[in-house]
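Engineer: One structure, pasted below without further comment.
The values are calculated or read from the model by the stated rules, or taken from the named source; none is laboratory data. Predicted model, so just to flag it, every value in this text is computed and none were measured. Cβ atoms come from the backbone with ideal geometry, glycine included; neighbour counts cover every protein chain shown. Just the protein is used for accessible areas: all its heavy atoms, side chains included, with ligands, DNA and RNA removed. Shrake-Rupley method; radii C 1.70, N 1.55, O 1.52, S 1.80 Å.
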Amino acid sequence: QVQLVESGGGLVQPGGSLRLSCTASGTSLNIAIMAWYRQAPGKQRELVAAMSISDRATYSDSVKGRFTISRDNAKNTVYLQMDSLKPDDTAVYYCFMRPFKDDDSWGQGTQVTVSS
């Protein structure tokens, strides 16, 4: 089972920036998809951004142009650079990884709060 450890959440003012990181460990990994989801109180979990092993990125319309996903395959790590943050971005952010030869895995979640 792949284990994911997230870091980088916190409290930030509107217009500010945060960078989330998520590193995988546990097996000999070759990861097809790395992604970030988020879940706000009372809402369903939603995809924020995803990146394939070929570096093709997909973003939700709500974050396009403000968030950037990237990955470092040598470190089994995915990043989410979040700029121009808005109060509506407040949520628990979850890392997701889909290895080629293992089960899907989720991180424990990291809280991002955007408030003045």
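Engineer: Mean separation of Cα pairs under 8 Å and 6+ residues apart, divided by the residue count of segment 13-55: what relative contact order is that in percent?
Structural biologist: 31 percent
Engineer: Determine the dipole magnitude for the chain: charges of +1 sit on the beta-carbon of Lys and Arg, -1 on that of Asp and Glu, nothing else is charged, the reference point is the Cα centre, and the result goes in debye to the nearest 20.
Structural biologist: With Lys and Arg at +1 and Asp and Glu at -1, about 100 debye.
Engineer: Can you tell me the mean projection area, over all orientations, of the convex hull of segment 59-116's alpha carbons? Units nm², please.
Structural biologist: Values: hull surface 19.6 nm².
Convex hull of Cα atoms, orientation-averaged projection: 4.9 nm².
Engineer: Divide, for the chain, the radius of gyration over alpha carbons by 2.2 N^0.38 Å, where N is the residue count. If you can, show how the numbers build up before the last one.
Structural biologist: On the way: Rg = 13.5 Å, N = 116, 2.2 N^0.38 = 13.4 Å.
Dividing the Cα Rg of the chain by 2.2 N^0.38 Å gives 1.01.
Engineer: Write down the accessible area per residue of the chain in Å², having rolled a 1.4 Å probe over the full set of protein chains.
Structural biologist: 54 Å²
Engineer: Then there is this: Given the options Leu85, Leu11, Leu20, state which has the largest fluctuation in a GNM of the chain using a 10 Å cut-off (strictly under) for Cα springs.
Structural biologist: Maximum fluctuation in the GNM of the chain, among the listed residues, is at Leu11.
Engineer: In segment 29-84, which trypsin sites (Lys or Arg not before Pro) are in a loop and have at most 13 other Cβ atoms within 10 Å, using DSSP for the loop call?
Structural biologist: Listed in order of number, the matching sites are Lys43, Arg56, Lys64.
Engineer: Now, a different point. So what are the ³J(HN,Hα) numbers for segment 57-62, from phi and the Karplus equation (6.51, -1.76, 1.60; θ = phi - 60°), rounded to whole Hz, Gly and Pro as x?
Structural biologist: Result, rounded to whole Hz: 10, 10, 10, 6, 4, 6.
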